[in-house]
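Input: a single structure, listed below in structure tokens.
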Amino acid sequence: MEKYVNLFTDFGFKKIFGEEPNKDLLIDFLNELLRDQEGLIVDLVYLKNEHLGSTELDRKAIFDLYCENEKGEKFIVELQKAKQTFFKDRSVYYSTFPIQEQANRGGWNYELQNVYTISILDFIFEEDKKDKAKMIYKVKLSDIETNKIFYDKLTFIYLEMPKFEKTEAELENHFEKWLYVLRNLHNLKNIPEKLKEKVFEKLFKLAEIAKMSDQERETYQNSLKYYRDMKNSLDTAFDEGKIEGKIEGKIEGKQEIALKMLQRGNAISEIVEITDLSEKEIIYLKNRNCQNE
């Protein structure tokens, strides 16, 4: 039995970073990640994480965490547990919601506040998998010829956590300590010496499974099972089918992933979320597969 929660589960991530009494943990992490360009975040307010399109027919977006700082700037903080077709497209799509909601009725001059989309990945981008040193991507709109930033209010940050392999002894700064915790918390037995700081001591205390209520432990175990099942299904589908870079963008690729997830017993709602196929399409695939068998 693990002593601490896995931060790549929905329950673990939101318990540590998504609860009002613990928002100092999220503020500390974001300050380490964004200090060079953002300055110091003093406070955060959690916002509604479900957003609907402008009409009933538009798709909705559900963020893991959605926050606003004291300057009105928006922060989407997302976990991505496994490889997913069109993941980058999804992160760009999600960023449009905090942009659109800034529109003021009446005499608005189109001035926008900064929007940050931060994705903590439990996988590696296929195109850069051989570049072990590149694990953090900071993306803004820039001019192709000069490489100069053209628009600096929209930022995408991606952290490829499997590439972070430093040991406790190799940690050099506070930010690396955060990366170490994100990557290794569920494998640790006690708080490491190098992490005996106020912010991490609070995190480890919150993350201890034995101190949770019976209901919290049950919720966490269900969240952990979902994480393991989904990650195994998707990663296996990509690795066995060699989907990346070959059938991306084709409906056949989405159908292949859906079939593999159905065979592993994933819920239809989970498959819809991952593949962007409709529930009706997935039920059709399921019935067709049963007939073939």
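For this structure, a couple of remarks:
- Single residue of region 216-254 satisfying the filter (in contact with a Ser or Thr (Cβ under 8 Å, 6 or more places away or on another chain) and part of a helix (DSSP H, G or I)) that is modelled with the lowest pLDDT: G253
- Selection count, region 130-148, where residues are of a type in the set (A, V, I, L, M, F, W, C), touching a strand residue (DSSP E or B) at 6+ places or on another chain (Cβ under 7 Å) and either part of a loop (DSSP other than H, G, I, E, B) or loosely packed, with under 11 Cβ neighbours inside 10 Å (or both): 1
- Residue in region 188-196 that is crowded, with 18+ Cβ neighbours inside 10 Å, in a helix (DSSP H, G or I) and out of contact with any Leu (no Cβ under 9 Å at 6 or more places or on another chain) present: no
- Some residue of region 120-129 being in contact with a Pro (Cβ under 9 Å, 6 or more places away or on another chain), assigned by TED's automatic domain parsing to the domain that holds K23, under 21 Å from L33 (Cβ atoms) and in a strand (DSSP E or B): yes
- Of all the residues in region 23-37, those that are in contact with a strand residue (DSSP E or B) (Cβ under 8 Å, 6 or more places away or on another chain) and closer than 19 Å to E176 by Cβ number 6.
- When region 1-54 is filtered for residues that are outside any helix (DSSP H, G or I), within 21 Å of I99 (Cβ to Cβ) and hydrophobic (A, V, I, L, M, F, W, C), the ones remaining, listed by number, are I41, L44, V45, L47, L52.
- Filter result for E176 (at pLDDT below 95 and either under 23 Å from L33 (Cα atoms) or part of a helix (DSSP H, G or I) (or both)): no
The values are calculated or read from the model by the stated rules, or taken from the named source; none is laboratory data. Since the structure is predicted, the reported quantities are computational estimates derived from the model, not experimental observations. No Cβ is skipped: glycine too gets one built from the backbone with ideal geometry, and neighbour counts run over all protein chains shown.
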